[in-house]
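Report on the structure given below.
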2 protein chains.
Amino acid sequence: MEYRFSDRVQTLKPSAIREIFKYAADPSVISLSAGNPAPEAFPSKEVAEISREVLANRAVEALQYSITEGYAPLRTHLQEYMKSHWQVGRDFDGILITSGAQQVMDLVTKSLCNEGDVVLCEAPSFIGSLNSFRSYNARLRGVPMEPDGIDIEKLEQALREEPRAKFIYVIPNFQNPSGITMSLEKRRAVYELAKKYQVMILEDNPYGDLRLSGDPLPCIKSFDEEGLVVYAGTFSKVISPGMRVGYAIAPAALLQKMVVCKQGEDVHTNIWSQIICDTFLTQYDYDAHLERLRGIYRKKCGVMLRAMEENFLPCITWEPVHGGLFAWCTLPDGVDMPEFCKQAVLRKVCVVPGNTFLTDENDPCQSFRINYSTPTDEQLVKGIGILGGLIREMLGK
Amino acid sequence: MEYRFSDRVQTLKPSAIREIFKYAADPSVISLSAGNPAPEAFPSKEVAEISREVLANRAVEALQYSITEGYAPLRTHLQEYMKSHWQVGRDFDGILITSGAQQVMDLVTKSLCNEGDVVLCEAPSFIGSLNSFRSYNARLRGVPMEPDGIDIEKLEQALREEPRAKFIYVIPNFQNPSGITMSLEKRRAVYELAKKYQVMILEDNPYGDLRLSGDPLPCIKSFDEEGLVVYAGTFSKVISPGMRVGYAIAPAALLQKMVVCKQGEDVHTNIWSQIICDTFLTQYDYDAHLERLRGIYRKKCGVMLRAMEENFLPCITWEPVHGGLFAWCTLPDGVDMPEFCKQAVLRKVCVVPGNTFLTDENDPCQSFRINYSTPTDEQLVKGIGILGGLIREMLGK
């Protein structure tokens with residue numbers, strides 16, 4: 001049989017990160033390439049407790065079919081929580097529980113984009129989302145990042161030049177991969193541009209609760225008076241990614257289309273895990289749990305930053321890390337970045353080459369991404385030591 | 001904001017069954033419209049036991065990110081099980097764990113169909129799958145059913161007339177909604193036609209293990225020497241639908257595309273539930289569990305059939321029920337089927353109007369679907385009694 005694939009998957013390929021993960025699966029390799037929560041960050045005891053209670057007293061509810069929109073108590077409680085804590089959600093908004101925030105990216109694209117429509121995104125940006133947009137044959141246009149977030153002038157230029165733009169995809173807090181946080185001024189500017197050009201905003205906020213220093217900034221969704229913004233949230237970084245529970249808070253008119261699309265994709269999200277998230281959110285001290293997580297990551301982040309300061313030559317720069325799970329390091333001109341990543345693997349340290357996160361992987365890029373949540377402190381110190389030595393070697397210093 | 005939706009969702013609407021479910025949610029209404037497993041069919045005690053062990057001893061594995069292809073032991077064990085029990089799976093095949101079998105429908109369509117490509121399906125067929133195909137703007141062409149399965153002559157005619165046909169969608173065992181089982185001869189004929197016209201087959205088998213009488217027939221996938229067939233399986237009807245664990249056994253070349261698409265949709269399937277399914281399949285007596293389920297459904301099916309025989313006029317006919325969860329009843333000419341279903345709701349009994357399952361809902365249809373797995377025995381007897389009275393009333397008898 002000669003398979004005739006759809007045009008949309010002809011060019012899709014497994015993410016480069018996945019290829020790197022194959023090396024990282026070798027236990028002798030130090031992986032600084034993942035984005036996994038630290039094992040000690042999982043509320044394992046609490047999940048076990050809740051699970052025991054649920055399966056003892058209302059197993060049928062947890063095992064039976066449920067509705068596409070999501071477990072009703074979780075929807076209510078999340079809406080209340082996001083409104084009271086982040087001023088996210090208005091009367092015209094609804095909430096949909098998804099199978100991870102990844103599914104929000106999928107459902108928004110499916111509901112809004114015809115083939116050839118344009119998604120404007122930060123460059124660099126999260127490859128999982130970019131691949132989701134690509135899988136509907138949306139065209140990606142990257143807008144460069146500045147230290148305080150997306151370049152607003154270039155964003156407006158893109159909006160002027162792309163009449164088929166359907167939405168702007170941004171990760172305002174501790175962006176993956178750059179770690180950059182968008183300033184308040186730029187958050188407002190992005191919103192105003194979306195209003196002016198009548199395009200939607202897809203605001204992806206997986207790391208917002210993992211702020212390690214500085215004051216929280218309002219979500220773009222909190223400005224949303226006209227129903228322009230889809231907010232994508234997730235429990236992956238704060239409870240468990242293996243559960244695959246995310247959510248969209250979005251205008252009901254759009255949400256209705258997303259619900260129908262989700263029905264055709266997976267009917268509904270695993271119901272056991274929705275009950276776990278709801279119970280953990282409402283019956284436990286959720287805010288204290290988040291504070292505990294920030295403590296874990298603050299410490300790990302400190303270990304990474306100290307190791308980088310001690311081992312990296314001053315010509316290596318990195319964005320300040322105020323939260324999230326990543327550091328974004330830039331090599332000086334003259335060091336071949338892809339070669340550096342390849343040589344690192346040969347020395348049994350994995351990082352992710354920065355061009356992976358560009359809309360065109362062939363564009364030049366001098367940066368690479370380090371994750372500090374997954375490795376142990378010892379692995380961080382040893383791995384960064386090896387990277388530091390490799391750079392010195394490649395620079396002949 | 002005036003929303004500009006994609007063409008593919010412009011015409012998509014929530015399934016008619018969902019609208020009926022809204023009535024069915026009223027506890028005073030007897031719902032014969034669902035497709036839920038019987039509450040007593042869930043292995044709740046075993047799930048609780050496995051969950052306790054997993055969350056006590058390897059919580060991090062159950063809560064952490066996992067790989068898109070699925071939990072490795074489950075993949076191995078399922079492949080072994082399907083090969084030894086059903087001769088399904090060859091060297092060129094792989095397996096992908098999905099978020100319910102619904103996701104197999106989605107991923108196959110996404111990987112194979114450009115907009116306007118054609119999916120040939122049984123008429124009637126499962127609306128969830130039809131909506132999944134529609135969501136990629138595939139064009140559906142229904143091929144009428146006969147008592148022993150799809151009309152082979154009309155299928156060949158459709159294949160001749162539709163050069164853009166990409167796959168044939170069939171549910172060979174106890175089809176939803178018709179309950180019809182495809183004969184061995186027709187299974188072979190469908191395979192030969194797919195080979196002759198070089199189109200794929202998507203074989204959906206959610207009810208295969210729920211055979212209540214007669215001998216099992218081989219899956220179409222068991223004939224597959226050329227890599228033409230995608231087999232869609234699920235634990236929804238035999239362990240729990242709320243867990244959302246399904247799988248595809250398919251040629252590796254196609255599966256690779258499906259994996260990339262799944263990555264963009266939900267990264268991977270809930271890992272806790274994959275471990276539950278694997279442990280239940282390997283550490284418990286799975287075949288004895290299936291036998292217990294068949295016992296439950298044989299009894300419930302008997303209650304339904306007796307009630308139908310006692311309450312329905314002889315001019316009402318139904319397909320013999322040898323398995324699955326549904327009976328497909330046909331009203332005599334002269335009874336307005338949609339009006340019958342509407343009147344039934346007013347008398348607080350819900351069934352699903354048969355036209356819901358057609359590729360064009362506006363085509364004439366005299367049938368309706370009854371589910372016997374969800375209601376209690378008392379509800380079955382009472383509900384069917386009301387339906388019988390309604391028909392007599394509408395016929396003036």
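None of the figures in this text is laboratory data; all of them are computed from the coordinates on show. As the structure is a computational prediction, the values presented were derived from the model and not from experiment. Positions of Cβ are generated from backbone atoms using ideal geometry, with glycine treated the same way; all protein chains shown enter the neighbour counts.
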For this session: Would you mind listing the distances between the B:LEU395 label point and the same position in each other copy? Use 7 Å along Cα-to-C-beta, nm, one decimal, shortest first.
Result: 9.1
Exercise. Counting only DSSP beta bridges with both residues in chain B, what percent are antiparallel, rounded to the nearest 5?
Worked result: 50 percent
Exercise. Between B:LEU313 and B:ARG347, what is the spin-label point distance in nm, taking each point 7 Å from the Cα along the Cα→C-beta axis?
Worked result: 1.2 nm
Problem set entry | Shielding by partners, peptide A:244-255 (average Cβ within 10 angstrom, other chains) | 2
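List the trypsin sites (Lys or Arg not before Pro) within segment A:101-205 that fall in a DSSP loop (any state other than H, G, I, E or B) and whose Cβ has at most 15 other Cβ atoms within 10 Å. Mind showing how you got there, number by number?
Values: sites: A:LYS110, A:ARG134, A:ARG139, A:ARG141, A:LYS154, A:ARG160, A:ARG164, A:LYS166, A:LYS186, A:ARG187, A:ARG188, A:LYS195, A:LYS196; in loops: A:ARG164.
Filter output for segment A:101-205: A:ARG164.
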Exercise. What is the Cα coordinate range of segment B:331-397 on the first, second and third principal axes, sorted by size from largest, in whole angstrom?
Worked result: 35, 30, 18
Exercise. Considering only DSSP beta bridges with both partners in the protein assembly as shown, what is the antiparallel share in %, to the nearest 5?
Worked result: 50 percent
For this session: Evaluate E = 1/(1 + (r/R0)^6) for A:ARG52 and B:ASP215, where r is the Cβ-Cβ distance and R0 equals 30 Å; express this FRET efficiency to the nearest 0.05.
Result: 0.10
For this session: Every other copy gets compared here: list the nm distances from the B:ALA56 label point (7 Å along Cα to Cβ) to its counterparts, shortest first, one decimal.
Result: 1.3
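Mind checking the mean number of beta-carbon atoms from other chains within 10 Å of the Cβ atoms in A:56-69? Don't jump to the answer; show the numbers that get you there.
Details: counts 4, 0, 1, 10, 10, 2, 8, 14, 10, 11, 4, 3, 3, 0.
Per-residue shielding by partner chains comes out at 6.
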For this session: Can you pull the one-decimal nm distance between simple spin-label points at B:GLU361 and A:ALA288, each 7 Å off the Cα toward Cβ?
Result: 5.1 nm
Problem set entry | Highest-MSF residue in chain A out of A:SER373, A:SER66, A:SER129 [GNM, Cα springs under 10 Å] | A:SER66
For this session: One decimal, nm, shortest first: give the distances between the label point of B:PRO39 and those of the same position in the other copies, each label point 7 Å from Cα along Cα→Cβ.
Result: 4.0
Exercise. Is the shape of segment B:183-264 rounded, prolate or oblate, going by the alpha carbon gyration tensor and its root eigenvalues a ≥ b ≥ c, with a/c under 1.5 for rounded and a/b larger than b/c for prolate?
Worked result: oblate
Problem set entry | lysines with Cα under 21 Å of B:LYS299, excluding same-chain neighbours fewer than 8 positions away | B:LYS237, B:LYS382
Exercise. Smallest Cβ-to-axis distance in chain A, for the rotation taking A to B: which residue, how many Å?
Worked result: A:ASN270, 2
Exercise. Near the amide H of A:GLY242, under 5 Å away, which other amide H atoms are found, from residues 5 or more places off or on another chain, if H is placed in the peptide plane?
Worked result: B:GLN64, B:TYR65
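Quick check: from the Cα gyration tensor, does segment A:1-139 come out rounded (a/c under 1.5), prolate or oblate?
Working: a/c = 1.73, a/b = 1.26, b/c = 1.37.
Taking the square roots of the gyration eigenvalues as a ≥ b ≥ c, segment A:1-139 is oblate.
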Problem set entry | P(r) of the protein assembly as shown over all Cα-Cα pairs, binned every 10 Å from zero, in whole percent | 3, 14, 23, 25, 19, 11, 4, 1, 0, 0
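Which whole-number percent gives the relative contact order of chain B, counting Cα pairs below 8 Å spaced six or more residues apart?
Values: 717 pairs, mean separation 96.3, N = 397.
The value is 24 percent.
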Seminar exercise, completed: The answer for B:GLY94, listing residues at least 5 apart or on another chain whose modeled amide H is closer than 5 Å to its amide H, is B:ALA250, B:ALA252
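Please give the calculated 222 nm ellipticity per residue for chain A, where each DSSP H segment of at least 4 residues contributes -39500 (n - 2.57) and the sum is spread over every residue; nearest 500 deg cm²/dmol?
On the way: 14 runs with 172 residues, N = 397.
When only DSSP H runs of four or more count, the value is -13500 deg cm²/dmol.
Please report Rg over Rh for segment B:46-88, where both radii come from the alpha carbon positions and Rh follows the Kirkwood definition.
Numbers: Rg = 13.3 Å, Rh = 12.1 Å.
Expressed as Rg/Rh, it is 1.10.
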For this session: Among B:GLY323, B:GLY214, B:GLY94, determine the one that fluctuates most according to a GNM of chain B built with springs between C-alpha atoms less than 10 Å apart.
Result: B:GLY214
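What size of dipole, in debye to the nearest 20, comes out for chain A about its Cα centre when the only charges are +1 on Lys and Arg C-beta atoms and -1 on Asp and Glu C-beta atoms? Working shown, then result.
Details: 43 positive and 51 negative charges, 115 e Å.
Using Cβ point charges on Lys, Arg, Asp and Glu, chain A gives about 560 debye.
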Seminar exercise, completed: Averaged over residues of A:223-233, the number of beta carbons from other chains lying within 10 Å of each residue's Cβ is 1
Problem set entry | Share antiparallel - DSSP beta bridges, segment A:64-283, percent rounded to 5 | 40 percent
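What FRET efficiency comes out for A:ARG160 versus A:LYS13 if R0 is 41 angstrom and r is the Cβ-Cβ distance? Round to the nearest 0.05. Kindly include the intermediate steps, with their values, before the conclusion.
Working: r = 32 Å, r/R0 = 0.78.
After rounding to 0.05, the efficiency reads 0.80.
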For this session: Give the cross-link partners of B:LYS195 among the lysines, using a straight C-alpha distance below 25 Å as the criterion and excluding same-chain residues fewer than 8 apart.
Result: B:LYS83, B:LYS110, B:LYS154, B:LYS166, B:LYS186, B:LYS221, B:LYS257
For this session: Name the helices (complete DSSP H segments) of chain B with a Cα length along the long axis of 24 Å or more and a Kyte-Doolittle mean of at least -1.0, or state none.
Result: B:286-311, B:377-395
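Could you work out the equivalent-ellipsoid semi-axes for segment B:44-283, taking the square root of 5 times each eigenvalue of the Cα gyration tensor, largest first, in whole Å? Please report the intermediate quantities before stating the final value.
Values: eigenvalues 191, 76, 47 Å².
For segment B:44-283, the ellipsoid semi-axes come out as 31, 19, 15 Å.
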Seminar exercise, completed: Partner aspartates and glutamates whose C-alpha sits under 14 Å from that of A:LYS300, ignoring same-chain residues fewer than 8 away, are A:GLU40, A:ASP377, A:GLU378
